[in-house]
Amino acid sequence: MLATYNGAAYLRPQIESLLAQDYPDFRVLASDDGSTDGTPAILVEYAQRFPGRFVLTPPPRPGQGALRNFEHLMATCLAQDRARWFAFADQDDVWLPNKLALCAARMQALESEGGADLPCLVHTDLCVVDAAQRIVHPSLARYEGFDPAAATRESMLSVNQVTGCTVLGNRRLLDLALPLPQAAIMHDWWCAVVAGSGRRAFVPLATVHYRQHGANHIGARNRSVLARARRVLFDGAGVWRRVHQLGAQTWHQAQALRQRLRERGLDDRYVAEYLRWRAAPRFAQLPGYRRYYAGPELDRLSRWCLWRAWPTEPIQPIPAVDR
């Protein structure tokens with residue numbers, strides 16, 4: 001599922017890397033969100049060169065942003081009922097040739113271990129590169145100070161450690177995730193928390209060159225003490241605002257997840273327990289904050305200090321345009 005918007009500068013290398021996968025049995029579904037650069041022409045060119053392999057599926061209402069563009073691709077994939085698994089692709093990355101094969105092998109293992117009827121998700125590490133594909137860091141997980149292999153379904157409610165462009169999900173996950181609720185923060189995070197009701201596996205190998213070019217909607221962030229000090233020094237008010245807003249967004253997303261699980265007759269007790277913990281007085285949360293807040297200790301403590309015990313803010317709207 002390739003979602004695009006004004007991505008002509010980096011789109012060709014990404015498409016070529018998708019078509020060069022050594023896993024043979026796949027299609028590319030591409031959806032453009034109303035680009036005004038050369039992106040639509042590039043997509044049409046590849047659709048003409050690779051009919052049946054590269055398929056254009058325009059969104060019914062362009063201009064709604066990345067989340068709704070991916071939702072359109074997810075709904076199209078589900079409605080066409082041809083794919084056993086699905087994968088997300090961003091327009092500005094480059095996939096390594098074995099990306100799909102590695103994820104497919106891990107997915108097969110998950111499903112053979114009793115997950116065939118459960119929502120299953122596989123994700124991997126990434127290699128952080130600059131605009132010219134020079135390596136910034138060989139591991140996004142280490143660069144950001146996270147351990148995705150140790151993440152739990154409980155900690156994922158507060159901290160997303162699933163990067164969408166590495167995801168492979170099964171059909172049960174696709175069915176359970178749709179439609180994306182208003183409270184979904186991003187498509188990949190929503191799929192990650194939905195997969196908490198089934199199986200999730202992390203492959204500790206970089207399968208994607210994660211390109212950082214200064215215009216990323218969401219990108220890698222250096223979480224060293226020095227880098228944090230710079231951000232606080234030059235944008236203290238913005239940092240506080242983003243942390244506070246994320247606290248409210250995670251609260252609303254967890255509520256939406258609990259409702260979805262209840263609607264589908266699935267166990268929602270772990271989400272209910274998380275919401276009760278979030279609603280408790282701040283000092284009552286202290287013994288359990290490491291369970292729910294993953295990542296570097298400074299991140300954990302800042303969430304405990306700054307996230308409100310009972311968020312009441314309205315759901316923040318998703319930006320209309322993904323730049």
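Key figures for this structure:
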{"read-out": "From the options ALA192, ALA184, ALA215, residue that is open to solvent by 10 Å² or more (accessible area, probe 1.4 Å) and either within 21 Å of the chain's Cα centre (by Cα) or at pLDDT below 95 (or both)", "value": "ALA215"}
{"read-out": "Within the stretch 94-115, tally of residues that are closer than 21 Å to ARG199 by Cα, surrounded by 13 or more Cβ atoms within 10 Å (Cβ to Cβ) and touching a residue at least 40 places away in the same chain (Cβ under 8 Å)", "value": "12"}
{"read-out": "Qualifying position, being crowded, with 19+ Cβ neighbours inside 10 Å, at pLDDT 95 or above and of a type in the set (Gly, Ala, Ser), among ALA30, ALA79", "value": "ALA30"}
{"read-out": "Every residue from the stretch 129-146 that is of a type in the set (D, E, K, R) and surrounded by 15 or more Cβ atoms within 10 Å (Cβ to Cβ)", "value": "GLU144"}
{"read-out": "Residue count, the stretch 10-27 (criterion: within 19 Å of GLN133 (Cα to Cα), surrounded by 15 or more Cβ atoms within 10 Å (Cβ to Cβ) and in contact (Cβ under 8 Å) with a residue 60 or more places away in the chain)", "value": "7"}
{"read-out": "The one condition in (1) at pLDDT below 95; (2) open to solvent by less than 30 Å² (accessible area, probe 1.4 Å) that VAL208 fails to fulfil", "value": "(1)"}
{"read-out": "Any hit, the stretch 147-169, residues being touching a strand residue (DSSP E or B) at 6+ places or on another chain (Cβ under 6 Å), open to solvent by 40 Å² or more (accessible area, probe 1.4 Å) and not charged (D, E, K, R)", "value": "yes"}
{"read-out": "From the options TYR293, TYR274, residue that is at pLDDT 85 or above, more than 30 Å from ASN6 (Cα to Cα), within 19 Å of the chain's Cα centre (by Cα) and not aliphatic (A, V, I, L, M)", "value": "TYR293"}
{"read-out": "Matching residues, the stretch 33-68, being surrounded by 15 or more Cβ atoms within 10 Å (Cβ to Cβ), out of contact with any Gly (no Cβ under 8 Å at 6 or more places or on another chain) and polar (S, T, N, Q)", "value": "THR57, GLN64"}
{"read-out": "Residue in the stretch 121-128 that is open to solvent by less than 60 Å² (accessible area, probe 1.4 Å), over 21 Å from the mean Cα position of the chain (by Cα) and within 21 Å of GLY169 (Cα to Cα) present", "value": "no"}
{"read-out": "Any hit, the stretch 254-263, residues being surrounded by fewer than 13 Cβ atoms within 10 Å (Cβ to Cβ), under 17 Å from LEU180 (Cβ atoms) and either touching an Asp or Glu at 6+ places or on another chain (Cβ under 9 Å) or not aromatic (Phe, Trp, Tyr) (or both)", "value": "yes"}
{"read-out": "Condition check for ARG142: over 16 Å from the mean Cα position of the chain (by Cα), without any contact (Cβ under 8 Å) to a residue 12 or more places away in the chain and not in a strand (DSSP E or B)", "value": "yes"}
{"read-out": "Residue count, the stretch 264-295 (criterion: out of contact with any Ser or Thr (no Cβ under 8 Å at 6 or more places or on another chain), open to solvent by less than 10 Å² (accessible area, probe 1.4 Å) and closer than 13 Å to LEU306 by Cα)", "value": "2"}
{"read-out": "Residues being in contact with a Pro (Cβ under 8 Å, 6 or more places away or on another chain) and of a type in the set (Asp, Glu) - total across the stretch 18-42", "value": "3"}
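The values are calculated or read from the model by the stated rules, or taken from the named source; none is laboratory data. No experiment lies behind these values; they were computed from the predicted model shown. Please note: Cβ atoms are built from the backbone with ideal geometry, for glycine as well, and neighbour counts cover all protein chains shown. To get the accessible areas, we keep the full protein, side chains included, count just its heavy atoms, and leave off ligands, DNA and RNA. Shrake-Rupley method; radii C 1.70, N 1.55, O 1.52, S 1.80 Å.
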